[in-house]
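The values are calculated or read from the model by the stated rules, or taken from the named source; none is laboratory data. All values reported here derive from a predicted model rather than from experimental measurement. Neighbour counts are summed over all protein chains in view; Cβ atoms, including those assigned to glycine, are modelled from backbone coordinates with ideal geometry.
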Amino acid sequence: MMTLTLQISWLFLLAIPIACIAWTVTHEEVFREPREYCTRRSQEGKSLVERKFFYLFTCEYCFSHYVTILFLCLTGYKLLMDNWAGYLIAGFALVYVANAYMSLFGLIRQDIVKEKEEIKVLKNKSGA
């Protein structure tokens, strides 16, 4: 059993790649075509199961749960308890921290885009 300090360290460190994978698949250009396909299938699917399955690949929060499950299987990370409950607690804690990271990243990215646009406007004003 890991010490509580080590468990908390793992929590904040494991959430980084979880957030990175979930954000990349659900937002970045490299996965645009598969994401657009999944978006169409999630809106036009004939069954509820089909629509919900494809929606998972378009929502960073939803997708982060599955990435977290993968990481729990790969690492065997448990939080607070050394049994199945430790996996459950770790899973929800990792999803929470990963989504906090993604929210922070989204805000920072939005601010950067806004600043770039403001710079363009200032350059156009000074050049005109």
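Observations, loosely collected:
- Taking first residues from the stretch 68-85 that are in a helix (DSSP H, G or I) and partners that are among the β-branched types (Val, Ile, Thr) and surrounded by 15 or more Cβ atoms within 10 Å (Cβ to Cβ), the Cβ contacts under 6 Å between residues at least 6 apart in sequence or on separate chains come to THR68/ILE18; THR68/VAL95; PHE71/ILE18.
- Output for the stretch 1-21, where each listed residue is under 15 Å from THR75 (Cβ atoms), loosely packed, with under 14 Cβ neighbours inside 10 Å and of a type in the set (S, T, N, Q): SER9
- Those residues of the stretch 22-45 which are of a type outside the set (Ser, Thr, Tyr) and in contact with a Ser or Thr (Cβ under 8 Å, 6 or more places away or on another chain), in sequence order: ALA22, VAL30, PHE31, ARG35, CYS38
- Any hit, the stretch 31-52, residues being surrounded by 12 or more Cβ atoms within 10 Å (Cβ to Cβ) and either in contact with a His (Cβ under 7 Å, 6 or more places away or on another chain) or not in a helix (DSSP H, G or I) (or both): yes
- One residue from LEU70, LEU94, LEU74 being at pLDDT 95 or above, touching a helix residue (DSSP H, G or I) at 6+ places or on another chain (Cβ under 7 Å) and either within 30 Å of THR5 (Cβ to Cβ) or crowded, with 18+ Cβ neighbours inside 10 Å (or both): LEU94
- Just one of the numbered conditions (1) under 30 Å from MET1 (Cα atoms); (2) in contact with a Cys (Cβ under 6 Å, 6 or more places away or on another chain) is not true of CYS62: (2).
- Here GLY127 does not qualify as within 14 Å of LEU14 (Cα to Cα), free of Cβ contacts under 8 Å to residues at least 12 places away in the same chain and loosely packed, with under 15 Cβ neighbours inside 10 Å.
- Residue within the stretch 51-60 that is free of Cβ contacts under 8 Å to residues at least 40 places away in the same chain, of a type in the set (Val, Ile, Thr) and either closer than 14 Å to TRP23 by Cβ or in contact with a helix residue (DSSP H, G or I) (Cβ under 7 Å, 6 or more places away or on another chain) (or both) present: yes
- All conditions but one from (1) more than 22 Å from GLN110 (Cα to Cα); (2) part of a helix (DSSP H, G or I) apply to MET2; the one that does not is (2).
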